[in-house]
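> Structure below; questions to follow.
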Amino acid sequence: MKVVRFTFVAIVFALALTPIRADEAKDKDALFANAQAFVEAFHKGDAKKLASFWTEDGDYTDIKGRHIKGRAKIEASFKEVFADNEGLRLRIDSESLRFVTPDVAIEDGTTEVLHADGSPPNKAKYTIVHVKKDGKWMFSTVRDSEFVPPTNHGHLKDLEWLVGDWADETGKGNVARLSFAWGKHQNFIVCNFHTAFRSVTLGGGVQWIGYDAAEKKIRSWTFDFSGGFSEASWARDGKTWMVKTVATTRDGTKATATNILTPIDAETFTWESKDRMLDGKKQPDTKPIRLKRQK
């Protein structure tokens, strides 16, 4: 199947709370009606109708930088796309609409074209310049650019040193292994962990480390394969990370602890647990466990 070069554009937006002029709400209604008509024409594969939303000399620049000038060429491009791709659907997310003058409005957002065969959608950011001619709103210029998914990498980059495989060999046959990896779009760091004795797994689980935008801090959620779970908040103290944890065991017992991760060098860090409480009873601190990066 030929790759869709267009990212088709529709307009969906919320009414402003305080209109800056008396007829602005009417203009927004007109733009919304245009959007509905555009989506209907798109789903019908009507290239001529879609091109009619542009001014006669309007233009479109796609995500690859291809510039199409004039309504006739825009119509031809739509025909080419529909000829190679049946059953395309349109999904949009309008993020902002502002009126530069009573006859010019600029809209920004993201849009997706979905394929009938279930293949990944084409997604992009867009900017539309709407102009009003003879009382009718039309597209003057449409520009697409690459869509970059939002990411929390900036908030989590101080933990990037954890990414990789780690192991602790106790010398008694027990081996603790941890594997940290970035999740999709680097919004989480995901840790898979397990403890084994002579190649027999004794326990394990998975932990998701992410950024809590509401609390403005790093948090984690851990799920033990035995049925227990916990959540924690992370704070940095110099090069050491303090992880305050609240857990619930499989049988419902509550536990709390402060787990401490201290990088020694690029290949080594230590893990220990202090201030441990189980069912309201104080537990002894653990001795530091030394973990080495695996090649």
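> Whole number please: convex hull volume per residue, Cα atoms of region 66-184, in Å³.
Values: hull volume 21.8 nm³, N = 119.
Cα-based convex hull of region 66-184, divided per residue, equals 183 Å³.
> Within the chain, what whole-number % of the accessible surface is contributed by carbon and sulfur, with the 1.4 Å probe and all protein chains included in the calculation?
Details: 9010 of 16730 Å².
Percent of accessible area from carbon and sulfur atoms in the chain: 54.
> Alpha carbons only, please: Rg and Dmax for region 131-282, in angstrom.
Over region 131-282's Cα set, Rg and Dmax evaluate to 21.6, 85 Å.
> Right, next: Tell me which aspartates and glutamates have Cα within less than 15 Å of residue 132's Cα, excluding those fewer than 8 residues away on the same chain?
Residue 132 reaches 23, 24, 27, 29, 56, 57, 103, 107.
> Report the calculated FRET efficiency for residue 80 and residue 44 (r = Cβ-Cβ distance, R0 = 22 Å), to the nearest 0.05. Can you show the working numbers first?
Values: r = 16 Å, r/R0 = 0.75.
In this case the efficiency is close to 0.85.
> Identify which of the listed values of log10 I(q)/I(0) by the Debye sum over Cα atoms at q = 0.10, 0.16 Å⁻¹ was calculated from the structure shown: (i) -0.73, -1.14; (ii) -0.48, -1.31; (iii) -0.54, -1.57.
Read-out from the structure maps to (i).
> Starting from the eigenvalues of the Cα gyration tensor, five times each then square-rooted, give me the equivalent ellipsoid semi-axes of region 21-112, largest first, whole Å.
Values: eigenvalues 122, 47, 35 Å².
Over the Cα atoms of region 21-112, the semi-axes work out to 25, 15, 13 Å.
> I'd like the GluC sites (Glu not before Pro) in region 174-271 restricted to DSSP loop residues with at most 15 other Cβ atoms within 10 Å, sorted by number.
On the way: sites: 215, 231, 267; in loops: 215, 267.
Those that pass, being in a loop and sparsely packed, are 215, 267.
> Give me the extension gain from residue 262 to residue 212: residue separation times 0.36 nm, minus the current Cα-Cα distance, reported in nm with one decimal. It would help to have the intermediate numbers written out before the result.
Numbers: separation 50, 0.36 × 50 = 18.00 nm, distance 2.24 nm.
Extra length available between residue 262 and residue 212 comes to 15.8 nm.
> If you don't mind, another one. Rounded to the nearest 10 degrees, what's the angle between the helix 24-44 long axis and the longest principal axis of the chain, both from Cα atoms, 0 to 90?
80
> Given a 1.4 angstrom probe, what's the average accessible area per residue across region 218-295, in square angstrom? Please report the intermediate quantities before stating the final value.
Working: 4920 Å² over 78 residues.
Here the residues of region 218-295 average 63 Å² of exposed surface.
> Quick one: if you stick a label point 7 Å off each Cα along the C-beta vector at residue 101 and residue 24, how many nm between them?
1.8
> Compute the long axis of helix 71-84 from its Cα atoms, compare it with the longest principal axis of the Cα atoms of the chain, and write down the angle in degrees, 0 to 90, nearest 10.
50
> Using a 7 Å offset from Cα along Cα-Cβ at residue 67, what residues in region 97-140 end up with backbone N under 18 Å from the label point?
Residues 127-129, 140 fall inside that zone.
> Less than 18 Å apart at the alpha-carbon level, and either on another chain or at least 8 residues along: which aspartates and glutamates does that give for residue 244?
Partners found: 158, 212, 215, 224, 231, 272, 275, 279, 285.
> Bin by bin, in steps of 5 Å, what percent of the Cα pairs in region 222-271 do you find, going until the bin that has the longest distance?
P(r) over region 222-271, rounded to whole percents: 5, 19, 22, 19, 15, 12, 6, 1.
> Of 73/125; 44/123; 28/125; 216/282, which ones are farther than 26 Å apart at the Cα? If you can, show how the numbers build up before the last one.
Values: 73/125 22 Å; 44/123 20 Å; 28/125 21 Å; 216/282 30 Å.
In this structure, 216/282 exceed 26 Å between Cα atoms.
> Just subtract the alpha-carbon distance of residue 275 and residue 147 from 0.36 nm times their residue separation and send over the number in nm, one decimal. Don't jump to the answer; show the numbers that get you there.
On the way: separation 128, 0.36 × 128 = 46.08 nm, distance 4.57 nm.
The span from residue 275 to residue 147 would gain 41.5 nm if fully extended.
> Write down the accessible area per residue of region 71-170 in Å², having rolled a 1.4 Å probe over the full set of protein chains. Display every interim value, and only then the final one.
Numbers: 5210 Å² over 100 residues.
Per-residue accessible area for region 71-170 comes out at 52 Å².
> Measuring from label point to label point, each 7 Å out along Cα→Cβ, what is the residue 226 to residue 37 span in nm?
Placing both labels 7 Å beyond Cα along the Cβ direction yields 6.7 nm.
The values are calculated or read from the model by the stated rules, or taken from the named source; none is laboratory data. Source: prediction; values computed, not measured. All Cβ positions, glycine included, derive from the backbone under ideal geometry; neighbour counts span all protein chains shown. Surface accessibility is based on the protein's heavy atoms, side chains included, excluding ligands, DNA and RNA. Shrake-Rupley method; radii C 1.70, N 1.55, O 1.52, S 1.80 Å.
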